[in-house]
Amino acid sequence: MELLQVENLTFSYPDSGKPALRDVSFALAEGSFTIVCGPSGCGKSTLLKLLKKEIAPYGELHGARRYQGVSYEELEARVSGSQIGYLAQDPDSQIVMDTVWQELAFAPENLGMKTEEIRSRVAEMAAYFGIESWFHKKTEQLSGGQKQLLNLASVMTLEPRVLLLDEPTAQLDPIAAGDFFAMIGRLHRELGVTVLIAEHRLEEILPMADRVLFIEDGEIRYNGEPGGIGPFLRSVSEGMAAGLPASVRLYGLLGETGPAPLSVAEGRQMIKRYANAIRDIAVTADRAAGKPAVEIREAWFRYGRNGQDVLRDAALMIYEGEHYCLFGGNGSGKTTLLSVICGVHKVYAGSVKLFGKPVKAFRDGERNRGVTAMLPQDPKAVFVCDTVREDWELACKTMGISGQEREKAITAMAERLGTGELLARHPYDLSGGEQQKAALGKVLLLNPKLLLLDEPTKGLDAAYKAELRGILKDIQAAGTTILTVTHDAEFAAECADRAGLFFDGAVAVSGPVRDVFSANAFYTTAACRIARGYYGNPITVSEIAELCQKNGKVTS
Amino acid sequence: MAYERIHPAVLALYFLSVTVPAMFSLNPVFHIAAFAGAVLFMILTEPEPPKARTVLWMSVLFIAVVIINPLFNHRGQTELFFLNGHAITLESIFYGVRNALCVLSVLLWCRIFNRMVSSEKLLALLGKHLPKTALLISSSLRLIPLLRHRAEEMRDTQKELGLYGTGEVTDRLAGGAKVFSMLVTWSLDHATAVSASMKARGYGLKGRTTYSIYRFGRRDAIRMALLLGIDAAILGVMASGQMAFSFYPVLTMERGAFTTAGIVLYCLLVFTAAFTEGKNRIQWNYYRSKI
């Protein structure tokens, strides 16, 4: 039985020539699990919002949307309010109340349930989601992953039959995202909830799905089995195919036929079909270590006199011209380390040197002009003006550039990042990927010798990631040293020279990125996990493919 | 703590029952009892001894309130000495002491009430009668730390990007204004997202109810009834004038058939908090000894 039906849906935002969605038709069967993917700005968010009557955007709409055969125009508010659940990307902006239990009671209160009913509903959800231990906490004290689980639990108190999820893990770290997906999987399996999820981290959810929709430019280009999405995407664009799970990408590179492997385990099965006489790929010699750009020794730091030590005897060396990636769990102090390097916070013991000069020795404002610049986790924090151009001009002003030169610098930067048409827009009106690029532009206008990046790939789709990689490689080639704090192992494997693991207030492991990844079992790329034990040192999918092809198929 | 198991409505009534007589009666018996009850309760429940600064501040307040009255009020029969040609009388000093005790005991009880009834519990009380206001307050309470965090993040980022640059006052002001205006934009953006999330979860449907995790149980009902009974008795005695007290021209306390009963009832009320806490502790130690 079809629970939700969309027929020939065409939608345009007011004052926009091009429709955001064009002639979209599909149906969700009761109990199905469907993934919607597509490049940023393809219309998948718009589609999900249109399916949630209460928050549907305003604009011109043609075609039909039906829930259980009832057209959306005639759908009762109570039915659409409670039976169709919706969850957005940002964990923070969906929490209304001060404490966790109030938040859980919020939705049942809206439906006008009685106290006893709410009590049992809230207790049930808190137990199911494992929220009991933080039931009485303030919502402010929760981690990002906990917040998003709370948001999901709050939606589930309505007992919805359909869940519409709009990139729910884009703002979470991989471990929290894994927990979240596991919960979605459980809800789907145990409660039979119908799921429609927009997502570009396909690695973990593709095995759960029974159907995948691919949308581009507002049109559905693919609607079918999860297994078929790999070959399809490769035929469309290399950029989107990069968002596929490692095993599917490997399957494509090897030109295999038959059903594609969707998980690491299936990927391991696939490479066993190839011999492994040659186990390692040839490694080019490491670049000669230059002069140190960052030198941290025995650094100790805490927020406030009575706080806990966040940096405990931390040491780190980064050499000029290299790209260093730092990994580590959430709240382990990676971001704090960045703030210590750029001088926002000061260590209470130990030393921090930039290019051979103690951080303390830089005069007011000197450090910001041509020495370090940081792109924070949330690019929104970078902007303080009404247009991107004004913000960029402000950066030029800091650098003391004006007049003709300023125009030249801005035009050059816009060309380099491909952001020409964004300059006149308000920073908050941009999409996540566009914001990231505009913010990076402002930071780069400060012409730093050392660029600090805090989770630069958070929430970006594969195409944007590939673009960012290209930009960073250019910057590095021009002589800039880069320090990236990230959870994204794939990203680091593609572009870092050296990597380190931050743990317990210090850098626990540090070395060439290949050594670090091939030694780690968990904090590593999916490609590493596929090759683990069978091949020696490959860390990316293309390297495994190279080895497989060199070795040839096992003839049996 | 024993009070954590009591419904906030009962706690609120208890607070009023203790403070109202202490605030409106002139009879120092009320003030002494209220003060002693508060101090005893705090000794039993405060995890650490009060900071020296708190004690000093309280003492200064106490002495100041005591002194002010005799300086400006020269009524009373027992003249102690003359200051600038005005008589300083024993009665006016006593009246000053009464004022100080009154202020201090009400302050201490406010502090106790604040500890007993968190903002969450207060909201639960409010929610029953003013659901919209309670929701508004709760969502504001959520927004405040969020805004503060956001402002810090923006300020740090901008500092790092060299917005405040030279550290001169004009630069700092201009930078601060920019950050503030962006913070306003951000909070509008945030508000739109929050309201979408509220609507998506059925906010705006007719007949919204208000849920409270605090159950008004049988014990709470008994406590409430007892409190109301005692209150009625004390207020009755006060209204009959049998608890009246006057400081001028000489200290006089009215006495009547029910004066002692009124005092005993009030003392019972005031020391109940400390008594329950003490009993609770002994009980807990006993239970623990059996574990």
Among (1) open to solvent by 50 Å² or more (accessible area, probe 1.4 Å); (2) at pLDDT below 90; (3) closer than 30 Å to A:SER82 by Cβ; (4) at the interface with chain A (Cβ under 8 Å from one of its Cβ atoms), which single condition is B:SER139 missing?
(1)
Only listed residue being under 27 Å from B:ARG219 (Cα atoms), open to solvent by 10 Å² or more (accessible area, probe 1.4 Å), touching a residue at least 40 places away in the same chain (Cβ under 8 Å) and under 18 Å from the mean Cα position of the chain (by Cα), chosen from B:LEU61, B:LEU13:
B:LEU13
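Check A:GLY41, A:GLY112, A:GLY63, A:GLY59 and return the single one that is in contact with a Ser or Thr (Cβ under 6 Å, 6 or more places away or on another chain), free of Cβ contacts under 8 Å to residues at least 12 places away in the same chain and open to solvent by 10 Å² or more (accessible area, probe 1.4 Å). Even if it seems obvious, please write down each step before you answer.
On the way: A:GLY41 fails: free of Cβ contacts under 8 Å to residues at least 12 places away in the same chain; A:GLY63 fails: free of Cβ contacts under 8 Å to residues at least 12 places away in the same chain; A:GLY59 fails: free of Cβ contacts under 8 Å to residues at least 12 places away in the same chain.
Result of the check over A:GLY41, A:GLY112, A:GLY63, A:GLY59: A:GLY112.
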Here's a check for you: in the range A:347-365, which residue that is open to solvent by 50 Å² or more (accessible area, probe 1.4 Å) and within 14 Å of another protein chain (Cβ to nearest Cβ) is farthest from A:MET317 (Cα to Cα)?
A:ASP364
Kindly indicate whether A:SER332 is more than 9 Å from chain B (Cβ to nearest Cβ), under 24 Å from the mean Cα position of the chain (by Cα) and within 23 Å of A:PHE502 (Cα to Cα).
yes
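Within the range A:20-36, does at least one residue satisfy the condition of being in the same structural domain as A:LEU165 (by TED's automatic domain parsing) and closer than 19 Å to B:THR192 by Cβ? Reasoning before the result, please.
The first filter runs over the range A:20-36 and keeps only residues in the same structural domain as A:LEU165 (by TED's automatic domain parsing), leaving A:20-36.
Filter again for closer than 19 Å to B:THR192 by Cβ, leaving A:20.
Yes, because at least one residue in the range A:20-36 is in the same structural domain as A:LEU165 (by TED's automatic domain parsing) and closer than 19 Å to B:THR192 by Cβ.
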Within the range B:217-256, the residues that are open to solvent by 40 Å² or more (accessible area, probe 1.4 Å) and either of a type in the set (D, E, K, R) or not assigned by TED's automatic domain parsing to the domain that holds B:ARG75 (or both) are B:ARG218, B:ARG219, B:ARG223, B:GLU254, B:ARG255
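Surrounded by fewer than 20 Cβ atoms within 10 Å (Cβ to Cβ), modelled with pLDDT under 95 and part of a helix (DSSP H, G or I): does that describe A:ARG78? Before you say what the answer is, go through the steps one by one.
Numbers: surrounded by fewer than 20 Cβ atoms within 10 Å (Cβ to Cβ): yes; modelled with pLDDT under 95: yes; part of a helix (DSSP H, G or I): yes.
Yes, satisfied.
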Based on what the data block shows, is A:ALA395 facing another protein chain (nearest Cβ under 9 Å) and either touching a residue at least 40 places away in the same chain (Cβ under 8 Å) or open to solvent by 10 Å² or more (accessible area, probe 1.4 Å) (or both)?
yes
Any residue at all in the range B:110-133 that's exposed (fewer than 14 other Cβ atoms within 10 Å of the Cβ) and more than 24 Å from B:SER17 (Cβ to Cβ)?
yes
Qualifying positions in the range A:89-121 - under 23 Å from A:THR46 (Cα atoms) and more than 7 Å from chain B (Cβ to nearest Cβ)
A:GLN89, A:PRO91
Taking the range A:521-555 as the search range and keeping residues that are part of a loop (DSSP other than H, G, I, E, B) and open to solvent by 30 Å² or more (accessible area, probe 1.4 Å), which one is nearest to A:ALA489 (Cα to Cα)?
A:TYR523
Out of all the residues in the range A:194-204, is one or more among the hydrophobic types (A, V, I, L, M, F, W, C), assigned by TED's automatic domain parsing to the domain that holds A:LEU104 and either within 25 Å of A:ALA126 (Cβ to Cβ) or free of Cβ contacts under 8 Å to residues at least 60 places away in the same chain (or both)?
yes
Failed condition for A:PHE129, given (1) crowded, with 19+ Cβ neighbours inside 10 Å; (2) of a type in the set (Phe, Trp, Tyr); (3) within 13 Å of chain B (Cβ to nearest Cβ):
(3)
Of (1) touching a Gly at 6+ places or on another chain (Cβ under 7 Å); (2) closer than 30 Å to A:GLY552 by Cα, A:GLY321 satisfies all except one. Which?
(2)
Odd one out for B:ASN285 among (1) under 24 Å from the mean Cα position of the chain (by Cα); (2) modelled with pLDDT under 90; (3) surrounded by fewer than 16 Cβ atoms within 10 Å (Cβ to Cβ):
(1)
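Taking the residues in the range A:366-379 that are touching a residue at least 12 places away in the same chain (Cβ under 8 Å) and surrounded by fewer than 21 Cβ atoms within 10 Å (Cβ to Cβ) as candidates, determine which candidate is nearest to the other protein chains (Cβ to nearest Cβ). Before you say what the answer is, go through the steps one by one.
Of the residues in the range A:366-379, the ones touching a residue at least 12 places away in the same chain (Cβ under 8 Å) are A:367-377, A:379.
Narrowing further to those that are surrounded by fewer than 21 Cβ atoms within 10 Å (Cβ to Cβ): A:369-371, A:377.
Working: A:ARG369: 6, A:GLY370: 10, A:VAL371: 10, A:GLN377: 9 Å.
In this case the residue turns out to be A:ARG369.
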Pairs needed: first member in the range B:200-225, at the interface with another protein chain (Cβ under 7 Å from one of its Cβ atoms); second member anywhere, in a loop (DSSP other than H, G, I, E, B) and surrounded by fewer than 12 Cβ atoms within 10 Å (Cβ to Cβ); C-beta distance under 7 Å; at least 6 residues apart or different chains.
B:THR209/A:LYS114
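Taking the range A:410-425 as the region of interest, how many residues are more than 14 Å from every other protein chain (Cβ to nearest Cβ), open to solvent by 30 Å² or more (accessible area, probe 1.4 Å) and at pLDDT 90 or above?
Residues of the range A:410-425 that are more than 14 Å from every other protein chain (Cβ to nearest Cβ), as a first pass: A:410-424.
Filter once more, so that each one left must be open to solvent by 30 Å² or more (accessible area, probe 1.4 Å): A:411-412, A:415-416, A:418, A:420-421, A:424.
This time we only want the ones that are at pLDDT 90 or above, so: A:411-412, A:415, A:424.
Qualifying residue count, the range A:410-425: 4.
The values are calculated or read from the model by the stated rules, or taken from the named source; none is laboratory data. Keep in mind the model is a prediction, meaning the values are calculated, not measured. With ideal geometry, Cβ positions are generated from the backbone for all residues, glycine too; neighbour counts draw on all protein chains shown. All accessible areas refer to the heavy atoms of the entire protein, side chains included, with ligands and DNA or RNA removed. Shrake-Rupley method; radii C 1.70, N 1.55, O 1.52, S 1.80 Å.
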